[in-house]
Amino acid sequence: METDNLKATLEREFLEGLNDVQREAVLHDGGPLLILAGAGSGKTRVITHRIAHLIRVRDVPSRRILAVTFTNKAAAEMRERTETLVGPYGRDAMIRTFHSLGLQILRENASLLGLKSSFTVYDPAAQKSLAKKILKDLKVEAALLPPEAALNATERARERLLDPDSYAAETRKDPYHQSIAQFYREYHKRLREQQALDFSDLLYETVMLLQTNAQLLEMCRRRWQHLLVDEYQDTNHAQYRLVLLLAGGHRNVVVVGDDDQSIYSWRGADISNILNFEKDFPEAKVLRLEENYRSTPSILKLAASVIQNNSERREKTLFTNRPDARPPSFRLYQEEGEEARSVLSRIRELRSAGVRLNEIAVFYRTNAQSRIFEQVFREANLPHTVFGGFRFFDRKEIRDLMAYMQVLVNPLDVENFERVLANPPKGIGEKTLESARFLAGTTGIPYLEALRQLAVKPGFRGAKPINAFLANYERWTDLNESGERPSVILKTLIEESGIVEYYRKEDDPESVSRIENMQEFATALADYEDRAGAENREVDIAEFLQSVSLYSSESDPDLEEEDRQGVHLMTLHNAKGLEFRVVFFTGLEESLLPHRMSLEEGNLEEERRLVYVGITRAMEQLYLSACRFRRTGGSFDPRLPSRFLEEMGIQTRRERSYDEFDSSWSDSSRSYSERKVVSRPAPDSGSSALNLVPGDRIRHKSFGTGEIEDTEKTPAGTKLTIRFDDGTTRRFLDRYTPLERI
DNA sequence: TACGTACGTGTTTTT
DNA sequence: CACGTACGTA
């Protein structure tokens, strides 16, 4: 009786504040459920409340629940919010990313794959170094097939679950595609020889394992009786198959997503997974969450005006009952420095008006754009956090040390071995590495053994440094195998590898920070051990490296909370799933957004979704901006305002202040877009008429005199490369650049 | 042969 | 601007 009362109370608690559709989703009995959740419609809320409901009201043991997301950040948030609802009752719920789920299943069953559970997960650097060697061995010109392209193609194939044979079979017979097929075959072979997997393998091999091993599949289905998948619109084929496999028995699968927010097609995401859910599960119930709780009506309206231009989408209308606040605004700046300084001063105003800094975000399309904001904010002492750029674990000295640890765990890992042999420099160069590789490759002996044999080979001159290294390596291996604490091993490596001496150069502040980073790394590992120790878990190097490898490009797990202070700087891709009171959406320029590359790939609709994602992150205030000119690399190029601004009905003809814009825009966005008031800058206000050729002398009003070095016809006009007399080289589009012939 | 430096060249998004 | 390659020196 008492428990019934308790349950009723809990049930009410978990439904409180939810709308009818959200309640229906939480209460959904079982079986397949598709939730089409518009931006800001409370989907994370629905998922976490449903988990809470399952555990506390329906008595599902938390270890029977599996929730899958795409990013560690999202998983962490989901875990946190579940804990808020059910406290320790949710402790055993498995809330993870697809990749970490795969990794766990593979570790537990490595032997079924013919791998040791100590296998290595290659990071992009290791992948690339392996790819280069393979292409060289296959004698494929780098110009024909760059390593990145080869890797990209193989990863796409892997995501489609094509093994090298089926890939070769369906590949066109031109030399380019044949080279890729050949590459894929060799790449896969070498990864396995080196006891290594790459990111796409974590999904591919998991699917293969479950497909070929009925017993294991049955175990997984029994283990996870309820499956919840977030951001379903971003699943690739492998992830999709994984969901079908895991849900196959009980069919208790809830997927949540929004086709308008699919922004990862370039990573193999297939929007038809969400569009066809009802075909895969004909008995599926479909719910639509269309009430937005996040943004003001004018922000939502702006978002709708953009996204409605997409043709491939499920029509839906978001509405909100929130009161309107300050309408979104647009401002055009001269260059990115001005844009950044203006954002800074607006942030200062917001701060004095009581907005906390971590409620503010600055968005941009590419990571390179963060630089100017970091610089301006740093000079102004404005606290800020950059997401997704280079992080602690990406630093060279840290990666080097991780390679040292990695080869202690997996001596067959050639990529990390070569990194270790080359860093810090120890008298072992490219030629030696090549010989060892060749010896290992032709005789089939392990790389380490090849190195040993090379050192005693008559006539081989580079034996001394090899022997010195091997002696070190054996000592470190003994230390590891004697069960020494990982942090002690790391400290030993820092002291004995020569890495400190190498980086300790003169009074370079850079090298001081490198050495500090290494110490910090050792401390982080010691903390990790202590935390695991508190749970009575043994930590080995392999486990630590794994936990780091999956966090590679996200935030540093340790510095997380404290460092989250200040204004958030991030790419649009990083912004998905987050919300902020105030959003500065910067760099809305042609060739940046839509990005030139996407345009060439015919991916305009995805760029539009990116804009949609950006706009819908804003709760109260949204500031859009673009620049007339932008410095990229060495040159300073003119930019046109993004076509998406036109779609929003935003007037971009001349520079306007925020207030001017507010009054003219606020309530008439439609009529602007219908009249197409946006005009491009005059087609030619530059120097096209001069018909400049290499060798001509010119004068530029800002940069002085110089000589035309090169001209190149591009779709946008003729691109001039000018070498100025001060020695600098700059590139301009002739039609935008007034020049004087001298 | 190893390694540092000078130059030239191309530039999205990330688990 | 930052990375990768080509070259020159020890």
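The values are calculated or read from the model by the stated rules, or taken from the named source; none is laboratory data. Computed from a predicted model, the values in this text were never measured in an experiment. Cβ placement follows ideal geometry from the backbone for every residue including glycine, while neighbour counts extend to all protein chains displayed.
For the range A:527-549, enumerate the residues that are aliphatic (A, V, I, L, M), buried (at least 18 other Cβ atoms within 10 Å of the Cβ) and in a helix (DSSP H, G or I).
Those that are aliphatic (A, V, I, L, M), buried (at least 18 other Cβ atoms within 10 Å of the Cβ) and in a helix (DSSP H, G or I): A:541, A:542, A:545, A:548.
What about residue A:455, is it touching a Leu at 6+ places or on another chain (Cβ under 9 Å) and more than 26 Å from residue A:437 (Cβ to Cβ)?
Against the criterion (touching a Leu at 6+ places or on another chain (Cβ under 9 Å) and more than 26 Å from residue A:437 (Cβ to Cβ)), residue A:455 does not qualify.
Among all residue pairs at least 6 apart or on different chains, which show Cβ distances below 8 Å where the first residue, located in the range A:596-610, is closer than 14 Å to residue A:576 by Cβ and modelled with pLDDT of 95 or more and the second is outside any loop (DSSP other than H, G, I, E, B) and among the acidic types (Asp, Glu)?
Here the result reads A:609/A:260, each pair linking the range A:596-610 to a residue that is outside any loop (DSSP other than H, G, I, E, B) and among the acidic types (Asp, Glu).
Taking residue A:132 as meeting all but one of (1) surrounded by fewer than 18 Cβ atoms within 10 Å (Cβ to Cβ); (2) more than 16 Å from DNA strand B (Cβ to nearest atom), write down the number of the exception.
(2)
Which of the residues that make up the range A:576-592 are over 19 Å from residue A:358 (Cβ atoms), part of a loop (DSSP other than H, G, I, E, B) and within 12 Å of DNA strand B (Cβ to nearest atom)?
Correct list: A:587 only.
Find all pairs meeting these conditions: Cβ atoms under 9 angstrom apart; at least six residues apart or on different chains; first residue within the range A:264-284 and on the phi > 0 side of the Ramachandran plot; second residue basic (Lys, Arg).
A:268/A:156; A:268/A:158; A:268/A:160
How many residues does the range A:381-416 contain that are within 16 Å of residue A:545 (Cβ to Cβ) and of a type in the set (Phe, Trp, Tyr)?
The total comes to 3.
Which residues, taken from the range A:249-267, are among the polar types (S, T, N, Q) and more than 24 Å from residue A:214 (Cα to Cα)?
A:261, A:262, A:265, listed by residue number.
Mind listing whichever residues of the range A:456-515 are hydroxyl-bearing (Ser, Thr, Tyr) and at pLDDT 90 or above?
A:473, A:477, A:482, A:487, A:492, A:497
Going by the structure shown, is residue A:295 assigned to a loop (DSSP other than H, G, I, E, B) and out of contact with any Pro (no Cβ under 9 Å at 6 or more places or on another chain)?
Yes: the conditions hold for residue A:295.
Quick check on the range A:593-609: of everything there that is among the acidic types (Asp, Glu) and part of a helix (DSSP H, G or I), which residue is farthest from DNA strand C (Cβ to nearest atom)?
A:605
Confirm whether residue A:137 is within 16 Å of DNA strand C (Cβ to nearest atom), of a type outside the set (A, V, I, L, M) and either more than 30 Å from residue A:181 (Cβ to Cβ) or modelled with pLDDT under 90 (or both).
Taking the combined requirement at face value, the residue satisfies it.
Scan the range A:486-513 residue by residue and report those that are buried (at least 18 other Cβ atoms within 10 Å of the Cβ) and not in a helix (DSSP H, G or I).
Selection gives A:497 alone.
Please determine whether any residue of the range A:610-620 is in a strand (DSSP E or B), among the acidic types (Asp, Glu) and in contact with a Ser or Thr (Cβ under 8 Å, 6 or more places away or on another chain).
yes
Just one of (1) within 29 Å of the chain's Cα centre (by Cα); (2) more than 19 Å from residue A:613 (Cβ to Cβ); (3) at pLDDT 95 or above trips up residue A:348, so point out which.
(1)
I'd like to check something: does the range A:413-431 contain any residue that is in contact with a Ser or Thr (Cβ under 6 Å, 6 or more places away or on another chain), more than 13 Å from DNA strand B (Cβ to nearest atom) and either modelled with pLDDT under 95 or within 30 Å of residue A:521 (Cβ to Cβ) (or both)?
Yes, some residue in the range A:413-431 is in contact with a Ser or Thr (Cβ under 6 Å, 6 or more places away or on another chain), more than 13 Å from DNA strand B (Cβ to nearest atom) and either modelled with pLDDT under 95 or within 30 Å of residue A:521 (Cβ to Cβ) (or both).
Examine the range A:201-215 for a residue that is of a type in the set (D, E, K, R) and touching a Pro at 6+ places or on another chain (Cβ under 8 Å), and state whether such a residue exists.
No, because not a single residue in the range A:201-215 is of a type in the set (D, E, K, R) and touching a Pro at 6+ places or on another chain (Cβ under 8 Å).
Check the range A:52-64 and report whether any residue there is more than 26 Å from residue A:263 (Cβ to Cβ) and of a type in the set (Asp, Glu).
Yes, some residue in the range A:52-64 is more than 26 Å from residue A:263 (Cβ to Cβ) and of a type in the set (Asp, Glu).
Confirm whether residue A:176 is outside the structural domain of residue A:410 (by the TED database) and either within 30 Å of residue A:449 (Cα to Cα) or within 16 Å of DNA strand B (Cβ to nearest atom) (or both).
no
Name the residues in the range A:107-165 that are outside any loop (DSSP other than H, G, I, E, B), among the small types (Gly, Ala, Ser) and free of Cβ contacts under 8 Å to residues at least 40 places away in the same chain, would you?
Hits for the range A:107-165 are A:110, A:111, A:149, A:150, A:153, A:157.
Taking helices (runs of 4 or more DSSP H) that fall entirely within the range A:352-471, which contain at least 1 residues that are within 15 Å of DNA strand C (Cβ to nearest atom)?
A:370-379, A:396-409, A:414-422, A:430-443
Considering only residues that are part of a helix (DSSP H, G or I) and not small (Gly, Ala, Ser), look in the range A:166-181 and name the one that is farthest from residue A:237 (Cα to Cα).
Step by step, filter the range A:166-181, then rank; the result is A:175.
Against the definition (more than 29 Å from residue A:324 (Cβ to Cβ), assigned by the TED database to the domain that holds residue A:369 and within 24 Å of the chain's Cα centre (by Cα)), how does residue A:592 come out, yes or no?
yes
Determine whether the range A:637-655 contains at least one residue that is at pLDDT 60 or above and within 16 Å of DNA strand C (Cβ to nearest atom).
Looking through the range A:637-655, at least one residue is at pLDDT 60 or above and within 16 Å of DNA strand C (Cβ to nearest atom).
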